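Here the structure is laid out as structure tokens; the discussion comes afterwards.
Each reported figure results from applying straightforward, stated rules to the coordinates on display, with no laboratory input. The structure presented is a predicted model; accordingly, all values stated were derived computationally and were not measured. Note that we place each Cβ from the backbone using ideal geometry, even for glycine, and neighbour counts take in every protein chain shown.
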């Protein structure tokens, strides 16, 4: 499955078959964890952990996770922007590989120190567990609880392309013929906390594109890391070479209400 089809087919799954993943599937997920990468630095860890069978988990979010016994756990350095970007960027690589394998996932952010997920885990360098995701075989019929959760979170509703991405300034919507349009379209489909969709971008005429968060808070920086993962994987699949770089003075200048994240150019900086 190519990256665009993988991105389009990924959705949050809350209802799973009871059998755990094992064998080749488990190795593929563990390989995806070890091979995940990020250019943004920071300190994070991702683990795949099995739990005793349990009818349902209620990890402090809309809905209930039913049937899953395997979970991805992601810990990161607290209150660190670089770690937050990397957390979203690397974890989403693992989520997309699970999607390719036909497995379901569901991003869940929260405080898990006193939960079953946090017990017995020793994280390095002061990292704290911030994200979990079930990973397993989806049940074919979505439960009413799952449908209600998707409705409450708004996960089937997306902001229009032209409200997120711009050319040269914040007031000019980007053209669908822009060189970055296809990669930005895949960024738009990234999951985000409560479907907040905080990622924004301004493309310059020189082939540079600047990325921002339209919302404050570390959880939205993690969301932007997820979106940047979609963007760069699509760029690579299209055969474009490029690199991210955080600029001290982006050409578009400060943008009121937005937090600057990073910039990208297709040739070497």
*Shape category assigned to the stretch 158-269 from the gyration tensor of Cα positions, a/c cut at 1.5*: rounded
*In nm, spacing of pseudo-spin labels at residue 163 and residue 2 (7 Å Cα→C-beta vector)*: 2.9 nm
_Going by Cα centres, the stretch 73-135 and the stretch 220-269 are how many Å apart?_
22 Å
*Using 19 Å as the cut-off for backbone N distance, which residues of the stretch 92-108 belong to the label zone defined by a point 7 Å from the Cα of residue 50 along Cα→Cβ?*
98, 103-105
*Helix 23-35 versus the longest principal axis of the chain: what angle, 0 to 90°, nearest 10, using Cα atoms?*
40 degrees
_Which of 107, 199 has the fewest other C-beta atoms within 10 Å, and how do the rest follow up to the most?_
107, 199
*Please give the length that would be gained between residue 17 and residue 206 if that part of the chain were fully extended, namely 0.36 nm times their separation in residues minus their C-alpha to C-alpha distance (nm, one decimal).*
63.0 nm
*Taking the chain as the reference, fit the longest principal axis to its C-alpha atoms, fit the long axis of helix 144-153 to the helix C-alpha atoms, and give the angle between the two in degrees, 0 to 90, nearest 10.*
30 degrees
*Would you mind ranking 140, 74 by Cβ crowding within 10 Å, fewest neighbours first?*
140, 74
*asked:* Calculate the FRET efficiency for residue 26 and residue 122 from the Cβ-Cβ distance with a Förster distance of 25 Å, rounded to the nearest 0.05.
replied: 0.70
